[in-house]
Structure formats: structure tokens, C-alpha cells
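In what follows, a single structure is set out as C-alpha cells and then discussed.
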Amino acid sequence: MGPSTPDFPRFAAPTPEMVAARVGIYARWPFCEGRQGGDRRAGPTKMISKWNLMGVRARGRRRGEDRNIYVDRYQSSDLVVVVAILILNILDAWLTLIYLGYGGTEANPVAKALLDAGTGPFVGAKSLAVGACLLFLVLHKKFKVVRPALHVIAGFYGALLVYHLYLQASALIGGNVV
């Protein structure tokens with residue numbers, strides 16, 4: 001038996017009334033794909049794309065897809081942690097400068113080299129480095145270790161703030177620098 005043509009009914013062109021009743025992309029006959037290029041949903045979302053500014057995706061496209069993906073929208077809890085780290089970083093720089101004014105010394109050799117260049121380069125480089133690292137972590141927030149890492153960094157800066165307060169208190173009360 002040779003191949004036969006199936007008995008599908010032939011569709012006639014629509015009447016003008018039928019075309020007028022259609023809206024949007026269905027107003028064309030015959031219906032054809034209206035997108036330019038390929039389907040952007042066919043591949044994974046890029047780390048940085050034009051969609052980051054629009055905030056389109058907050059989770060994965062498919063069921064069970066919630067780890068190791070890039071998203072476009074971020075939760076307010078993520079913003080709170082990032083802003084807290086930025087504020088703690090600024091407090092760290094400020095309290096370091098105050099402590100150095102009491103006669104203390106900087107233990108970090110990289111920070112010491114930046115301080116030798118001046119307070120502007122020290123604060124600028126410290127803020128830029130921490131900000132760039134936080135931006136990287138926020139873009140990768142759906143990856144397995146990122147959220148715990150953000151909380152560890154916030155805890156580290158919190159402990160550093162307590163240490164700075166101890167140094168400030170010992171310098172003021174004891175009259176000497178630890």
C-alpha cells in the first residue's frame with residue numbers, strides 16, 4: 001500500500017466578517033508566528049540581560065526548577081540583607097578611620113596600603129570591592145550556596161562591628177590603644 005493523502009477538510013479563506021471579529025495576533029490569515037528571532041524561553045536565562053531591568057521572572061519556568069537559575073526579580077528579604085551588609089561595610093570603614101585617629105594600626109596589609117594612599121582611596125576601594133561582590137552574589141541568588149553566604153557575610157560584619165566597638169571603648173576608657 002502506498003502512502004495516501006488523509007481526508008482532511010479543506011478550509012476556505014475567512015469571510016470579512018470573520019476577520020473583523022478576530023483580535024490581536026489572530027487577526028491575520030493564515031495565522032503565523034509574529035515573533036522576531038527565536039523563542040527566548042528555549043534556553044536558560046542569562047545572568048545579565050535586558051530583562052533584569054524589567055523584573056520578569058522571580059522563579060523557574062518549569063516545575064521543580066528553583067535552584068541554580070538566574071531570575072529577574074528579587075525578594076525584599078534579599079534587599080534587606082544586602083543593604084545591611086553595605087551599611088555594616090561603611091560602618092567598618094568609618095570606625096577603622098576613627099580607631100586609626102586614636103593611634104591604632106591597621107592589621108590588613110591591603111587596607112594598610114590603601115590607607116597609605118589616603119582615606120578616599122581606602123573608602124572608595126573598600127566600598128567598590130564589597131559592592132561588586134554583593135552584586136555578583138545577588139545575581140546568583142538562586143544558586144545553592146549564595147543565600148547562606150550572604151547571611152555568613154552579614155554575621156561576619158556584625159561581629160566585626162562588635163570588635164570595633166570593643167576597640168573604641170578600650171581606647172576611650174583605658175586611654176591606650178589595644
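Just one of the numbered conditions (1) touching a Phe, Trp or Tyr at 6+ places or on another chain (Cβ under 9 Å); (2) small (Gly, Ala, Ser); (3) farther than 15 Å from THR96 by Cβ is not true of ALA132: (1).
This table checks each residue for (1) surrounded by 11 or more Cβ atoms within 10 Å (Cβ to Cβ); (2) modelled with pLDDT under 70; (3) closer than 20 Å to ALA154 by Cα.
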site: ASP39; (1), (2), (3): no, yes, no
site: GLY64; (1), (2), (3): no, yes, no
site: TYR70; (1), (2), (3): yes, yes, no
site: ILE87; (1), (2), (3): yes, no, yes
site: ALA107; (1), (2), (3): no, no, no
site: ALA113; (1), (2), (3): yes, no, no
site: GLY118; (1), (2), (3): no, no, no
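Just checking, which of ALA171, ALA132 is of a type outside the set (Lys, Arg) and loosely packed, with under 12 Cβ neighbours inside 10 Å? Only one candidate passes the filter, namely ALA132. The single residue among LEU160, LEU97 that is touching a Ser or Thr at 6+ places or on another chain (Cβ under 7 Å), touching a residue at least 12 places away in the same chain (Cβ under 8 Å) and closer than 27 Å to ILE173 by Cα turns out to be LEU97. Tell me whether segment 159-176 contains one or more residues that are of a type in the set (S, T, N, Q), outside any helix (DSSP H, G or I) and over 20 Å from the mean Cα position of the chain (by Cα). Within segment 159-176, one or more residues are of a type in the set (S, T, N, Q), outside any helix (DSSP H, G or I) and over 20 Å from the mean Cα position of the chain (by Cα). Comparison of VAL130, VAL152 shows that the only residue that is under 15 Å from the mean Cα position of the chain (by Cα), of a type outside the set (Ser, Thr, Tyr) and closer than 15 Å to ASN89 by Cβ is VAL130. Of the set (1) buried (at least 16 other Cβ atoms within 10 Å of the Cβ); (2) under 25 Å from the mean Cα position of the chain (by Cα); (3) in a helix (DSSP H, G or I); (4) not small (Gly, Ala, Ser), all apply to TYR99 but (2).
The values are calculated or read from the model by the stated rules, or taken from the named source; none is laboratory data. Just so it is clear, the model here is predicted, and its values are computed rather than measured. Heads up, the Cβs are rebuilt from the backbone with ideal geometry, glycines too, and the neighbour counts pull from every protein chain shown.
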